[in-house]
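What follows is a set of notes on a single structure, which appears directly below.
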Amino acid sequence: MKIGIFGGTFDPVHNGHIGLAEDCVEQAGLDEVIMIPAYIQPFKQDRHTASGEDRFQMLALVASQNDRITVSRNELDNEGVSYTYLTMRRIQEMNPEARLYFICGTDSFLKVDTWMNAEELLEKYSFIVGCDRPGYRHDELEEAISRIRDHFGTEIIVVHNRQFDVSSTEVRDRIAAGKSVEGLIPEAVERYIKEHGLYRI
Ligand code: ATP
């Protein structure tokens with residue numbers, strides 16, 4: 001069993017996240033991707049976000065439309081700063097036979113050395129890096145991958161994910177400015193945001 005673990009703030013989840021999860025299933029042969037909204041993201045501790053429950057519910061809408069995607073409350077239930085190594089330990093304990101693949105975008109992967117207990121993460125788990133834009137930080141990514149492979153022996157898979165040049169920041173800004181977010185997030189997520197009045201100034 002190969003399980004992808006996709007952590008993030010998901011404030012809100014957008015088509016870039018969903019595309020990456022789907023491409024990981026297809027290209028890395030994952031059985032399932034578990035999307036895990038952070039309670040407090042270590043590198044975004046001073047940022048105000050939509051509530052964990054709202055971010056979870058928007059992911060649940062995505063999971064209900066995709067057989068291979070599930071969503072977990074693991075980090076929300078454990079509160080505190082959501083360190084990836086702790087999440088991975090808990091998920092591995094629940095799935096002792098599974099091989100866990102941590103999924104992240106290029107930007108996140110380039111900072112992996114600075115994560116808490118990076119050594120444990122890189123030695124125990126596999127990584128899938130979404131290489132989002134052609135040529136985007138390509139040399140930097142190649143250099144980081146070979147350095148980490150040499151040092152920790154990490155299995156690192158690069159997935160060439162379909163391009164969705166979108167970030168949660170852009171979605172929030174567009175909603176606050178009353179602009180359309182069509183094509184950037186699923187319709188069900190857009191409806192949820194409207195019904196709950198999220199991201200308005
Ligand atoms: P924000 O704009 O609020 O900082 P974000 O859009 O980067 O948010 P996160 O929830 O912080 O979203 O991202 C979770 C993970 O998804 C990270 O590993 C990030 O690199 C990856 N990711 C974000 N946007 C994309 C995208 N458009 N395509 C592929 N991966 C993405």
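The values are calculated or read from the model by the stated rules, or taken from the named source; none is laboratory data. Only a predicted model underlies this, so the values are computations on that prediction, with no experimental measurement involved. Note that we place each Cβ from the backbone using ideal geometry, even for glycine, and neighbour counts take in every protein chain shown.
For the range 88-143, which positions are of a type in the set (Ser, Thr, Tyr) and touching a Cys at 6+ places or on another chain (Cβ under 9 Å)?
Listed by number, the residues that qualify are TYR101, THR106.
Find all pairs meeting these conditions: Cβ atoms under 8 angstrom apart; at least six residues apart or on different chains; first residue within the range 183-201 and without any contact (Cβ under 8 Å) to a residue 12 or more places away in the chain; second residue not in a helix (DSSP H, G or I).
Close Cβ pairs (under 8 Å, with a partner that is not in a helix (DSSP H, G or I)) amount to GLU190/VAL181; GLU190/GLU182.
When only residues in the range 44-63 that are over 19 Å from GLU195 (Cα atoms) and within 9 Å of the ligand (Cβ to nearest atom) count, which is surrounded by the fewest Cβ atoms within 10 Å (Cβ to Cβ)?
ARG47
May I ask you to verify whether ARG162 is modelled with pLDDT under 95, more than 19 Å from PHE102 (Cβ to Cβ) and surrounded by fewer than 19 Cβ atoms within 10 Å (Cβ to Cβ)?
It is true that ARG162 is modelled with pLDDT under 95, more than 19 Å from PHE102 (Cβ to Cβ) and surrounded by fewer than 19 Cβ atoms within 10 Å (Cβ to Cβ).
Restricting the first residue to the range 5-23 and requiring it to be touching a residue at least 24 places away in the same chain (Cβ under 8 Å), which pairs with a second residue that is near the ligand (Cβ under 6 Å from one of its atoms) and part of a strand (DSSP E or B) meet a Cβ separation below 6 Å and a spacing of at least six or different chains?
Listed by first residue and then by second, the contacts come to LEU20/GLY130.
Looking for something closer than 18 Å to GLN57 by Cα, among the aromatic types (Phe, Trp, Tyr) and more than 9 Å from the ligand (Cβ to nearest atom) - is there at least one such residue anywhere in the range 185-196?
Looking through the range 185-196, at least one residue is closer than 18 Å to GLN57 by Cα, among the aromatic types (Phe, Trp, Tyr) and more than 9 Å from the ligand (Cβ to nearest atom).
Can you tell me which of (1) within 27 Å of ILE201 (Cβ to Cβ); (2) of a type in the set (Gly, Ala, Ser); (3) within 13 Å of the ligand (Cβ to nearest atom) is the one GLY7 doesn't meet?
All conditions pass for GLY7, except number (1).
Picking from SER64, SER51, which residue would you name as being among the hydroxyl-bearing types (Ser, Thr, Tyr), under 18 Å from the mean Cα position of the chain (by Cα) and closer than 22 Å to ASP23 by Cβ?
Residue meeting the stated conditions: SER64.
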